[in-house]
1. Condition (residue is hydroxyl-bearing (Ser, Thr, Tyr), in contact with an Asp or Glu (Cβ under 7 Å, 6 or more places away or on another chain) and either touching a residue at least 12 places away in the same chain (Cβ under 8 Å) or open to solvent by less than 100 Å² (accessible area, probe 1.4 Å) (or both)) applied to region 184-195: is it met by at least one residue?
2. Of the residues Leu225, Leu202, which single one is surrounded by 10 or more Cβ atoms within 10 Å (Cβ to Cβ) and under 29 Å from the mean Cα position of the chain (by Cα)?
3. Hey, does region 152-167 have a residue that's closer than 30 Å to Val124 by Cα, open to solvent by 80 Å² or more (accessible area, probe 1.4 Å) and in a helix (DSSP H, G or I)?
4. How many residues, within region 112-140, are more than 25 Å from the chain's Cα centre (by Cα) and without any contact (Cβ under 8 Å) to a residue 12 or more places away in the chain?
5. In region 155-183, which residue that is charged (D, E, K, R) and at pLDDT 85 or above is nearest to Leu235 (Cα to Cα)?
6. Hey, among the residues in region 117-151 that are of a type in the set (Ser, Thr, Tyr) and within 30 Å of Arg86 (Cβ to Cβ), which one's most open to solvent (accessible area, probe 1.4 Å)?
7. In region 171-183, which residues are open to solvent by less than 100 Å² (accessible area, probe 1.4 Å), out of contact with any Pro (no Cβ under 9 Å at 6 or more places or on another chain) and not hydroxyl-bearing (Ser, Thr, Tyr)?
8. Take region 132-151 and flag every residue that is hydroxyl-bearing (Ser, Thr, Tyr) and part of a helix (DSSP H, G or I).
Amino acid sequence: MEDLIFLLIFGSIAWIVFRLAAKLPIIPFQKKQTKKQTISNGKKALGNQKKAINTIEIDQEPNLMEDLLSSVVDIKDNMLHLTDNRFVMYCEVDPVNYFLKSNSEQETIDVAFETWLATLDYQVIWYLQNRFIDLSHPIENMRKELRNTEDLHPNALSYGDSLIKELEQWQNYSPRFETKAYIIFQYQVKTSSITADTEDELQEKITEKAKQEIIRRINTAASSLRKAEIGLKVLDSEGILDIFYHALNRRTAAGLKLKNLKESENFSLYSTADQDQIRVQLVKEMTEHEIAEKENSAKIENAS
C-alpha cells in the first residue's frame, strides 16, 4: 500500500514537471492560452481600465468658469457683484520673506497670523494665481529714462538699448512664472432689515452696506497681518478684471495685456474712429450748446 502511494506521488510530480517543460497545460483537457492572446487580453483590460478612468474624470469634472460667470452680475465699486446680494472684494497680499527671518521673527509672524485666523467668524478665501513674469512696465520705465536723460554718454545709451533688447528676448523666449496671492472677502446682505422707497434706492443701500462690512473686515485683517509684516492692497474694479483676464487667458495675457485692450478702447461703450480736429471741435460746441439749452429750460420751468 505504501509503495502504491509512493508511485502515485512520484508519478504526479513527474507529470507536472513534464507538462511544464513542454509548456503544456497541467490538465490535459484545458486549452493553453497563447502569448498573443495573453497580450491581447492584457491590452483590452488596460484599455477598459483607462476608458473607465477617463469616463469618471469627464463625468466628475465641474465646469468652474461657467458656474462662476453665471453668478456674476457686475463688477463696480471695487466689488464683484454676485447673485443673491453677494459681494466680493479682492486684496492682493504683499508676502513676507519668511525663511530669511530669524527664529524669533518667524515666531512673531506665526503668532500674529494665527491670532488673526483665530478671530475669524466668517469665511475668507485664499487664491493663488500663477502668471508669466511681466517685465513690460520696468522695460518701459527704462526706455523713458534713456529718452529723457540729457548728456548721457553714448556708451551708456548703447548699453541701455542692448539691456532692453536682452530683457525683451529673455521674457519672450524664456518665460518664467510668478505667484500672485490674494485674499477674497465676501459678504451676503440680508434685505429683510433694509427699507427703501424705490428699487434703485434699495440696491444702493444693499451695495453700501456690503461695502462697509467688507471694508471693516479688510481693515481688521490688515491691522492684524501688519504685525506679521504682511501687507494688503485692495484691488479696484480694473484689478478684479485683471485677475479674471489672466485666469481665462493664461498664455495670451503675457503678450496682449488688459491695459492694451483698454488703451485701444475695447471697453468703450461706443465705437470710435480717428477724426480731424475740426470735427472734434464741432462736436464739443454742439454738446456745450445742448447742455446750455437744457439748463435754460430747467431755469424757466423753476421760475414758472
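The values are calculated or read from the model by the stated rules, or taken from the named source; none is laboratory data. The structure displayed is predicted, hence computed values, not measured ones. Every residue, glycine among them, receives a Cβ derived from its backbone with ideal geometry; neighbour counts consider all protein chains shown. Quick note on the areas: whole protein, heavy atoms, side chains included, nothing else; ligands and nucleic acids left out. Shrake-Rupley method; radii C 1.70, N 1.55, O 1.52, S 1.80 Å.
1. Start the filter on region 184-195 by keeping residues that are hydroxyl-bearing (Ser, Thr, Tyr), which leaves 187, 191-193, 195.
Still in the running and in contact with an Asp or Glu (Cβ under 7 Å, 6 or more places away or on another chain): 187.
Applying the additional criterion that residues be either touching a residue at least 12 places away in the same chain (Cβ under 8 Å) or open to solvent by less than 100 Å² (accessible area, probe 1.4 Å) (or both) yields 187.
Yes, that holds for at least one residue.
2. Numbers: Leu202 fails: under 29 Å from the mean Cα position of the chain (by Cα).
None of the others qualify; the one that does is Leu225.
3. First pass over region 152-167, keeping only residues closer than 30 Å to Val124 by Cα: none.
Checked against the condition, which is being closer than 30 Å to Val124 by Cα, open to solvent by 80 Å² or more (accessible area, probe 1.4 Å) and in a helix (DSSP H, G or I), region 152-167 yields no hits at all.
4. Residues in region 112-140 being more than 25 Å from the chain's Cα centre (by Cα) and without any contact (Cβ under 8 Å) to a residue 12 or more places away in the chain: 4 in total.
5. Quick first cut of region 155-183, residues charged (D, E, K, R) only: 161, 165-166, 168, 176, 178, 180.
Restricting the remaining residues to those that are at pLDDT 85 or above gives 161, 165-166, 180.
Values: Asp161: 34, Lys165: 32, Glu166: 32, Lys180: 13 Å.
For region 155-183, the residue satisfying everything is Lys180.
6. Within region 117-151, the subset of a type in the set (Ser, Thr, Tyr) is 119, 122, 127, 136, 149.
Still in the list and also within 30 Å of Arg86 (Cβ to Cβ): 119, 122, 127.
Numbers: Thr119: 88, Tyr122: 48, Tyr127: 71 Å².
The extreme case among them is Thr119.
7. Passing the criteria: Gln171, Pro175, Glu178, Lys180, Ile183.
8. Here is the first cut: in region 132-151, the ones hydroxyl-bearing (Ser, Thr, Tyr) are 136, 149.
Of everything in region 132-151, just one residue is hydroxyl-bearing (Ser, Thr, Tyr) and part of a helix (DSSP H, G or I), namely Ser136.
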